[in-house]
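The values are calculated or read from the model by the stated rules, or taken from the named source; none is laboratory data. Computed from a prediction, not measured in an experiment: that's the story for all the values here. Cβ atoms come from the backbone with ideal geometry, glycine included; neighbour counts cover every protein chain shown.
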Amino acid sequence: MGHELTIEPLGQVITVENGQTILDACLRAGIWLPHACGHGLCGTCKVDVVDGEVDHAEASPFALMDFERANGKTLACTARLMVDVVIEAEIDEDPDQRRTPVADHCATVARIEDLTHEVKGVRLALDGAIAFQAGQYINLQIPAVAGTRAFSIANPPHEGTYVDLQIRRVPGG
């Protein structure tokens, strides 16, 4: 089933599925929370738990110190709801901002071309159109590769049936 999460100062209420992190639920609802590493190591996604209880999961003790936990802080990227929760986050509302919920898509490599001796242009054909704004990125999950990698989208937003990436070859990367 899941629990309800109220995000202040927006006053918006979303459902967080069992096992889902606060950050993932917010991003999939089109609510952008500050974040960086996504793994509980940096502390960028720190929020105040105003009401309710969360499981801090694998939050680093350096990113979320014991006294911060005791004062109601948590990391949105690792925290999972135990009950209905109210959080307060530093959210900048930009009147020109479009809210684009995070969504999962499957893609097929449609083209690979040499852009330089160490940079490849990769075109991914998507299973459906995506909406994005210039400057956004994707987290790419590749079968048989652990984790995800972030890549900036290199094509214009009006061409949303594919994604162009510029990928630099990095030894060991």
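In the range 11-22, the residue that is surrounded by the most Cβ atoms within 10 Å (Cβ to Cβ) out of those that are of a type in the set (A, V, I, L, M, F, W, C) and more than 13 Å from Glu88 (Cα to Cα) is Val16. Criterion applied to Glu118, Glu113, Glu90 was being within 19 Å of the chain's Cα centre (by Cα) and surrounded by fewer than 16 Cβ atoms within 10 Å (Cβ to Cβ), and the one residue passing it is Glu90. Cβ-Cβ contacts under 6 Å between residues 6 or more apart (or on different chains), taken from a first residue in the range 2-21 that is over 14 Å from Val49 (Cα atoms) to a second residue that is part of a loop (DSSP other than H, G, I, E, B) and of a type in the set (S, T, N, Q), are listed as Gly2/Asn18. A Cβ distance below 6 Å, combined with a sequence gap of six or more or placement on separate chains, defines the contacts here; from the range 75-90, residues that are of a type in the set (Asp, Glu) reach residues that are assigned to a strand (DSSP E or B) in the pairs Asp84/His3; Asp84/Glu4; Glu88/Glu8; Glu88/Asp48; Glu88/Val50. The set of residues from the range 44-62 being modelled with pLDDT of 90 or more and buried (at least 19 other Cβ atoms within 10 Å of the Cβ) comprises Cys45, Lys46, Val47, Val49, Val54.
Residues that are surrounded by 12 or more Cβ atoms within 10 Å (Cβ to Cβ), among the β-branched types (Val, Ile, Thr) and either closer than 24 Å to Arg98 by Cα or without any contact (Cβ under 8 Å) to a residue 12 or more places away in the chain (or both) within the range 121-147 comprise Ile130, Ile138, listed in sequence order. Just the residues that are over 19 Å from Cys106 (Cα atoms) and either aliphatic (A, V, I, L, M) or surrounded by 11 or more Cβ atoms within 10 Å (Cβ to Cβ) (or both), please, taken from the range 149-173. Selection gives Val170 alone.
When the range 148-173 is limited to residues that are within 25 Å of His39 (Cβ to Cβ), of a type in the set (Gly, Ala, Ser) and in a loop (DSSP other than H, G, I, E, B), the one that is farthest from the chain's Cα centre (by Cα) turns out to be Gly172. In summary, strands (runs of 3 or more DSSP E) completely within the range 39-147 and bearing 3 or more residues that are under 16 Å from Thr21 (Cβ atoms) occur at 46-51, 73-75.
Once the range 63-82 is narrowed to residues that are within 22 Å of Met1 (Cα to Cα) and buried (at least 17 other Cβ atoms within 10 Å of the Cβ), the residue that is nearest to the chain's Cα centre (by Cα) is Cys77. With respect to Cys26, is the statement that it is outside the structural domain of Ile138 (by TED's automatic domain parsing), closer than 23 Å to Gln136 by Cβ, buried (at least 18 other Cβ atoms within 10 Å of the Cβ) and touching a His at 6+ places or on another chain (Cβ under 7 Å) true? Here the answer is no, as Cys26 does not meet what is asked.
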